[in-house]
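*Asks:* One structure is given below, represented as structure tokens, and several questions about it will come after.
Rule-based calculations on the coordinates, nothing more; no lab input. In this text, all values refer to a predicted model and were calculated from it rather than measured experimentally. Note that we place each Cβ from the backbone using ideal geometry, even for glycine, and neighbour counts take in every protein chain shown.
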């Protein structure tokens, strides 16, 4: 579903993503682990067509992202690290807008929004303007916006930011269900526990390069560590 | 000295942001310097001409009137700056939770606003002194310069206080706050304009106004947290959703609706209509006071109303049509991910922004361009010509704002997406030139033959509409290229 071939992205002199090769298979939950500034968000933004790479290629569902960005966007749902929303729209208006822009028929869009709002416990907040939302509510709304249209792939940048433990559990269950139905998830997280619990495979990124790739036990074994947290520190250093 | 720490940090932050933009567009700074000097020169020449030719017999413009106009203009600027710098930013929380008084925070923020605006006025005054020394015959007594500086300080401080009071949580509190400050503005009007104050009296009046308004800045700090909370954490249920427009393209309709809903709920549209109404009423008020412009040479009397009508349309169009275009992309940075991660082409996204601005054009025509010709009984052909060239000017200024806003977007959250003062000033002057060209050519043709003149005005409006399409397409390309 997601494939990177020698993917490279530079910001002036800084190489944020350095010749990364990666493949995420359909039905897989794939975790990107890395320190702050390691290049996770940059790589995700290239896959979602928000950034243009400087070298290499990125594919989503077999489509090269620069060739047909609209098709790529139609197949994905995305949650950024700090989602800013249209503060003067209500949650219902926001999701209604996205349904229209995704070309969903009105009645189908409404049904999908209702189902998503119930799943993410947003029913009561839908009629409020979003500048009234707490951090957690914004995150839930961003997750609802990314998932309500039943995409084939999800790109989630630190999806548990601001979520309480109860909702984090709901999200993990949803992601497993989504993958079980053939959906693909590419998520980044700082929290190694979450990667251990939900990810089928993980990649550790350090200074723009892939330093480890495999299932959680494979990465632990490669780093000769007892758990993923220790493996991560062994791979990227503790500085 | 905690107010100084707030001020210093704010100035450093704003100055670095400005430096980055200046480094990116060095030629813009040179243009700014030339245009700024040129506009001060033109303003002085206009004053010189007015002193020679005189004004219509019924139109009393004294130095008191000019100083009150400066005070009032700076009040508006101070209110906008205070809203963006001190009331709306979510980052204010980092200051509000520190163990310092709210007065220190408000005063520090006010000093930042004062610094930039006063630097601008000081530069204009220095240029004026240089031009007067080089031979322009305009008296520039020290009392006027001192009064002008005081008008700027008191206007900005009043604007700051009014922005805080106008941001309180309920309409009753807003109105009570604004009403409590009304006597200060009334005192300024009565002393400077109604009482026809001498220059020396003006210095004293404005010194008193400055002291009161600075105290108001400190006093308004008591309400700063309420204003900030009200602006950053609303809890509104706007009721049943409604659509503002119907268009054939569902995606375009949804995006235009988004723009309009945001404008309505942020009360930008109310401000737009209010400004257009004030400009239109000022125009009619001038006609009511002056009537036939007696006391002027016939050549000047003939162009008196066309000139002030054109000036009014320019002011309304530049502030209400060009400015929204300038901010269209800059205000979106944090939210760019939403549309950019959807299957919506950039041209649709940007067309929606342009259409939302274009919907204001008829309001400018009906509110500013049309009333004066109707009340003054202009012939039908002249009225039609005025409407056509005003439409052409409005469309051209929409195109300019859309193009410039996408070419050099400002993503500084403190400015609401508006460009820095230098870029804004350059743009306003370019807008003046564009509007002049769009209006002057058909006007010349009209003087030769009115039918051809009207045809020329229609052609100008067509060309301006084509410019809007061109600007939107170019802006969409920029929109697609920006990294979200």
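*Asks:* Have a look at A:185, A:15, A:219 and tell me which one the Gaussian network model of chain A (Cα, springs below 10 Å) gives the largest fluctuation.
*Replies:* Fluctuation is largest for A:15.
*Asks:* Roughly speaking, what is the stretch gain from residue B:430 to residue B:451, that is 0.36 nm per residue apart minus the C-alpha to C-alpha distance, in nm to one decimal?
*Replies:* Separation in residues times 0.36 nm, less the Cα-Cα distance, equals 4.6 nm.
*Asks:* Mind checking the mean number of beta-carbon atoms from other chains within 10 Å of the Cβ atoms in A:79-87?
*Replies:* 5
*Asks:* Could you work out the helix-only [θ] at 222 nm for chain A, with each DSSP H run of four or more residues adding -39,500 (n - 2.57) and the total divided by the number of residues, to the nearest 500 deg cm²/dmol? Walk me through the numbers before you get to the answer.
*Replies:* On the way: 9 runs with 93 residues, N = 239.
Per the formula, -11500 deg cm²/dmol.
*Asks:* Can you put B:246, B:222, A:73 in order, fewest other beta carbons within 10 Å first?
*Replies:* Lowest to highest Cβ neighbour count: B:246, B:222, A:73.
*Asks:* Over the range B:343-450, one equal point on each Cα, no solvent: what is log10 I(q)/I(0) by the Debye formula at q = 0.11, 0.22 Å⁻¹?
*Replies:* Debye intensities relative to I(0), on a log10 scale: -0.47, -1.23.
*Asks:* Share of antiparallel DSSP beta bridges in the protein assembly as shown, in percent to the nearest 5?
*Replies:* Percentage antiparallel, nearest 5: 50.
*Asks:* Here is a follow-up. Give me the Å³ per residue figure for the convex hull around the C-alpha atoms of the protein assembly as shown.
*Replies:* So the per-residue Cα hull volume is 180 Å³.
*Asks:* If one computes the Cα centroid of the range B:296-346 and of the range A:181-221, what distance in Å separates the two points?
*Replies:* 50
*Asks:* So what's the projected area for chain A, the Cα convex hull averaged over all directions, in nm²? Display every interim value, and only then the final one.
*Replies:* Details: hull surface 51.9 nm².
Result: a mean projected hull area of 13.0 nm².
*Asks:* With springs only between Cα atoms under 10 Å, which of A:176, A:224, A:52 fluctuates most in a Gaussian network model of chain A?
*Replies:* Between A:176, A:224, A:52, it is A:224 that shows the largest mean-square fluctuation.
*Asks:* Can you tell me the orientation of helix A:165-180 relative to chain A, as the angle in degrees between its alpha-carbon axis and the longest Cα principal axis, to the nearest 10?
*Replies:* 80
*Asks:* Using a Förster distance of 25 Å, how high is the FRET efficiency between residue A:218 and residue A:13, based on the Cβ-Cβ distance and rounded to 0.05?
*Replies:* On the way: r = 34 Å, r/R0 = 1.36.
That pair, residue A:218 with residue A:13, gives E of 0.15.
*Asks:* Between the range B:111-166 and the range B:365-437, how many Å separate their Cα centres?
*Replies:* When both Cα centres are located, 26 Å separates them.
*Asks:* If you don't mind, another one. Please work out the Kirkwood hydrodynamic radius for chain B, using every pair of different C-alpha atoms, and report it in angstroms with one decimal place.
*Replies:* It is 24.2 Å.
*Asks:* While we're here: If r is the Cβ-Cβ distance from residue B:246 to residue B:463 and R0 is 22 Å, what FRET efficiency results, to the nearest 0.05?
*Replies:* Using R0 = 22 Å, I get an efficiency of 0.20.
*Asks:* Express the Stokes-Einstein translational diffusion coefficient of the range B:243-484 in µm² s⁻¹, to the nearest whole number, given a Kirkwood radius over alpha-carbon pairs, 25 °C and a viscosity of 0.890 mPa s.
*Replies:* Roughly 131 µm²/s, to the nearest whole number.
*Asks:* Below 8 Å between Cα atoms, with a sequence gap of 6+, how large is the relative contact order for the range A:135-239 in percent?
*Replies:* Details: 105 pairs, mean separation 19.9, N = 105.
Dividing the mean separation by the residue count of the range A:135-239 yields 19 percent.
*Asks:* Additional query: Find the relative contact order for the range B:1-233 and round it to a whole percent, using C-alpha pairs within less than 8 Å whose residues are 6+ positions apart.
*Replies:* Computed value for the range B:1-233: 32 percent relative contact order.
*Asks:* How would you rank A:143, A:175, B:463, going from fewest to most other Cβ atoms within 10 Å of each one's own Cβ?
*Replies:* B:463, A:175, A:143
*Asks:* Which whole-number percentage describes the relative contact order of chain B, with Cα contacts under 8 Å and a sequence gap of 6 or more?
*Replies:* Values: 611 pairs, mean separation 86.2, N = 484.
In percent, rounded to a whole number, it is 18.
*Asks:* Taking 1 over the mean of 1/r across every pair of different Cα atoms in the range B:1-233, what Kirkwood radius in Å do you get?
*Replies:* Taking the inverse mean of 1/r over all distinct Cα pairs, the range B:1-233 comes out at 19.2 Å.
*Asks:* For the residues B:142, B:337, B:41, what sequence is obtained by ranking on other C-beta atoms within 10 Å, fewest first?
*Replies:* B:142, B:41, B:337
*Asks:* A follow-up question, please. Given the DSSP H assignment, sum -39500 (n - 2.57) over each helix run of at least 4 residues in chain B and divide by its residue total; what's the result at 222 nm in deg cm²/dmol, nearest 500? List each step's numbers first, then the result.
*Replies:* Working: 20 runs with 363 residues, N = 484.
So the helix-based figure for chain B works out to -25500 deg cm²/dmol.
*Asks:* For a distance above 20 Å, tell me the whole-number percent of Cα pairs in the range B:1-112 that qualify. Walk me through the numbers on the way to the answer.
*Replies:* Numbers: 3930 of 6216 pairs.
Roughly 63 percent, once rounded to a whole number.
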